[in-house]
Amino acid sequence: MVHIAEEVRRAREAQGLRQDELAAAAGVSTRLIHQIENAKPTTRLDGLLKVLRALGLTVTVIKRPLRRSTK
């Protein structure tokens, strides 16, 4: 989550947006922007996706092999 937080802040600042402006563009609360940028674990995925969309960012999920327990 920390990498996403850094990217959201970087993208917001690069676009010259304040947190409240990004919140309005994404249709979320300023509090959520603050939580995302500070990598708070309570951030909901739907809110995060709205913010990423408003910034023109996407998320890619990469499948990794599962580690099997060696009990």
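No value in this document is a laboratory result; all are computed from the given coordinates. Note that the structure is predicted; figures quoted are calculated from it, not measured. In this analysis, Cβ positions are derived from the backbone assuming ideal geometry, glycine residues included, and neighbour counts consider all displayed protein chains.
When the Gaussian network model of the chain links Cα atoms closer than 10 Å, the mean-square fluctuations of VAL59, VAL51, VAL28 top out at VAL59.
Only one item in (1) 28, 13, 11; (2) 30, 11, 10; (3) 23, 18, 7 matches semi-axes √(5λ) of the Cα gyration tensor in Å derived from the coordinates shown, and that item is (1). In percent, rounded to a whole number, the relative contact order of region 2-55 is 41, using alpha-carbon pairs under 8 Å and six or more apart. With both labels modelled 7 Å from their Cα along Cα-to-Cβ, the ALA39 to ARG68 distance reads 3.3 nm.
Relative to the longest principal axis of the Cα atoms of the chain, the long axis of helix 2-14 makes an angle of roughly 20 degrees.
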